[in-house]
Structure formats: structure tokens, C-alpha cells
1. Return yes or no: is residue 58 in contact (Cβ under 8 Å) with a residue 40 or more places away in the chain, within 30 Å of residue 342 (Cα to Cα), surrounded by 14 or more Cβ atoms within 10 Å (Cβ to Cβ) and assigned by TED's automatic domain parsing to the domain that holds residue 408?
2. Which residues, taken from region 306-351, are outside any helix (DSSP H, G or I) and without any contact (Cβ under 8 Å) to a residue 40 or more places away in the chain?
3. Out of the residues in region 193-216 meeting the condition of being without any contact (Cβ under 8 Å) to a residue 60 or more places away in the chain and not in a helix (DSSP H, G or I), tell me which one is surrounded by the fewest Cβ atoms within 10 Å (Cβ to Cβ).
4. Tell me, which helices (runs of 4 or more DSSP H) wholly within region 361-442 include 3 or more residues that are under 27 Å from residue 25 (Cβ atoms)?
5. Looking at (1) within 23 Å of the chain's Cα centre (by Cα); (2) assigned to a loop (DSSP other than H, G, I, E, B), which one does residue 53 not meet, given that it meets all the others?
6. Are any of the residues in region 164-181 more than 24 Å from residue 409 (Cβ to Cβ), in the same structural domain as residue 288 (by TED's automatic domain parsing) and either surrounded by fewer than 15 Cβ atoms within 10 Å (Cβ to Cβ) or at pLDDT 95 or above (or both)?
7. Output yes when any residue across region 358-376 is surrounded by fewer than 15 Cβ atoms within 10 Å (Cβ to Cβ) and at negative phi, and no when none is.
8. Taking the residues in region 240-249 that are surrounded by 24 or more Cβ atoms within 10 Å (Cβ to Cβ) and touching a residue at least 60 places away in the same chain (Cβ under 8 Å) as candidates, determine which candidate is farthest from the chain's Cα centre (by Cα).
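The values are calculated or read from the model by the stated rules, or taken from the named source; none is laboratory data. Keep in mind it's a predicted model, so treat the numbers as computed, not measured. In this analysis, Cβ positions are derived from the backbone assuming ideal geometry, glycine residues included, and neighbour counts consider all displayed protein chains.
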């Protein structure tokens, strides 16, 4: 008699069938990907958007929808990994960019937007007294690390397992920086996440050379894992105690209010880094800011100061789009509505999971969340890696087939233009997945 097929084998078979179905439905994407492989490693310049057998090639976006080169339309739940928060081709942002282009770009000097944009940020973030701009969250984080080292005259940077501060500062579920890491060569010490006792021990060990404690208030890339409030407060106390800079990476979580997640939790860092959506999603953007005492290190002519510059730091279209976003689009009401919509969606997804008796878990804060398939609670990057990633990939392909585009790792990043009615169709699609794939998610 043939041996019984195991559950894992059935899941592998289902995933293989889903991949094959996807391949047949997307011949133009496959063709473009095959051609791109000749000149691009992996066929793309962003590892995060790659998946097997080949990534979908996107043609256009309008409002809350995407269209690919094979003419499939998707409700966009990826939101450009949180950078596309205002949807595609927002009219106010588009108008600001076009106006700036018509006035001339690459001007080679100070433009009329950058000081105006800086004031808008300083007015919104209690932790930011002065600010500088850069071209990405990664660049902002690396520059801010260098700045706090210059300010403190110390070298050790305390980060956390599962932390992601850009492609050059990423840390796995364990406490090691892997041999093939592309991380910048700083003296990083990796501590457990949400572990106050371990924090106290590590800070005591490194206090004399500790320049900075660097934290994501929610670990986005590792699975939308929120930091505990007590842990955040302990970080604030320890940084103050040993004279280290407390820096919050709010590249993703700044969307939780007009003053970031830090405003909602009531803990103020010494430095904050920003990125993603502030230039409307269509322009590169990064920023770092904080106390005047720290930021003055890069003031031109500051005795013993540091030098910060960059050709596109004040890119005129980025600055113009940023002003439009903060003055006209990203209002207190818009921020509150988006946060509440995200909390509602998380609740609805948890509800359908409970009703189905499924292993689906949802983690996140507000409008950023990740869907996991695990029989255990998900609180750390190690928990995410121990979850059923094959089922999650099957979910990704099933959602594509149903017309929903989200990150393959299960992350959902809501946009301000997406309606509750549209999200209700996603909730229903998830409910059907839990029914149709019951043998894999029970």
C-alpha cells in the first residue's frame, strides 16, 4: 500500500499548484523577468519584491488599485511597504511635484521649500527641535548613527534582535551579525527585544562606551511586532542614566499620528529618524532630527563639528511634495482615520480567524499589520521564523488570484484612499481562504 501523504507534503503540493497557476496567468511578467535576469541579480533591484517563480511586474497604479503587465487589477494592500500611504497619483501631491518640475529642478542651492518643510516637522514632533533631510530611511539611520557617535564620542550602538534599520543595518532573530551581512561596520551590540532584564545587564556592561540605544517602536520587517510600553520606558530611563542617546526609528511607525507613535505612547526620544511616505510616495525621502544640542554638531562652522551633505538631500520635487503632504494631506483627521481603520481591520481579521478556529494570527499597530500562521503567540522575530511560512506563501498566491496585492511576508500597509468597503472584500477573501484551505490552517 502507498504510504499516507503527510500534511507538509500536501501543503507543498498545494503551493506548487498555486505557483504553477500563477505562472500560467502571468506570461508577460515572466517574459520581462527572464529578460531582466540578464542584467539584474534576481531580475530586480529590490530583494524584498522578489518571489518564486517570478515577481509580478506592475504597470500602473491609480487610487487604491494596481494593474500589472498582464492586465490583472489588484486592491493594493502593500502600499509600497508603507511608503505609498496616500495611494497612487494623489492629485494634491502630483500637482505639487509637477509645479516644482515646471519651475526647474537640480538647482544646485538652497530652495524655498526645505526650510518650510523643516518647520512643519519640528512643529509636529516633540522630539525634533532641528532636522536634516536625506534620500531614504536607510541613509537617515546611518547618518544619525554617525552623528550620535560624533556627539557622544562613544562607539557602541545597542540594537535589538529582529531589528531592521535599512539594508545596511539589519539584525536577525539571534544575537549575531551574520558573516554575509552587508551591515555598516559599526560596533553593534544586539540585545533581546522586549526583555528589560537583558537590557539592564547589557547596558551595565557597555555603559562607558554606549553612544546610542536604537529602537523601532514596532519591528516592521520582522513581522509588525510592537515594543512593549514598559520596555520603551525602560529604554528611556537607561539611556538617561548612562548618558546615551535614545533614538527611535519611526520610518514606518510615524504614520500612527501626526507626531508619530512616540506621541501616542508618551515617550520622547533624543533623536528620531523618518522616511517612506512624507514625500508622497513618489519621491525618495529620509530625515533625522532631534535635540538642538545634538543636531548642532553638523552646523556649518561648528567647532569640532561633523560634515553632512548630499546632492539630493534637498531635491526640489521631494521638498515640494513634502510641504504639500504636511500642509494639505496628512492632517490630524487623516491620521486618526487611518489608525482607526487599521485597528478595525486587525479586529475583523482576528474575528474571522477565531470563527474558523484557524492558526491565523495578526500582529501590528494601527494601519500596519502582518498575518502569520502559527499555533503559538507571535511576539518576536524568532516566533515569526518558527511559524508556517509555506502556508503564508500559499495565502499570498491565493490572495493574488483573488485580486489582492500584499507583501509576500504577509504584511499589510493601509493607504488613506482605501475604503472600508474595499477592506471588507479583503476580510471576506481571508475568510474564504480559511475555509478553502482548512486542512492547512486548523
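1. no
2. 307, 309, 311
3. That would be 195.
4. In region 361-442, 389-402, 420-436, 438-441 are the helices (runs of 4 or more DSSP H) which contain 3 or more residues that are under 27 Å from residue 25 (Cβ atoms).
5. It fails just one condition, (1).
6. There is no residue in region 164-181 that is more than 24 Å from residue 409 (Cβ to Cβ), in the same structural domain as residue 288 (by TED's automatic domain parsing) and either surrounded by fewer than 15 Cβ atoms within 10 Å (Cβ to Cβ) or at pLDDT 95 or above (or both).
7. Yes, region 358-376 has at least one match.
8. My answer is 244.
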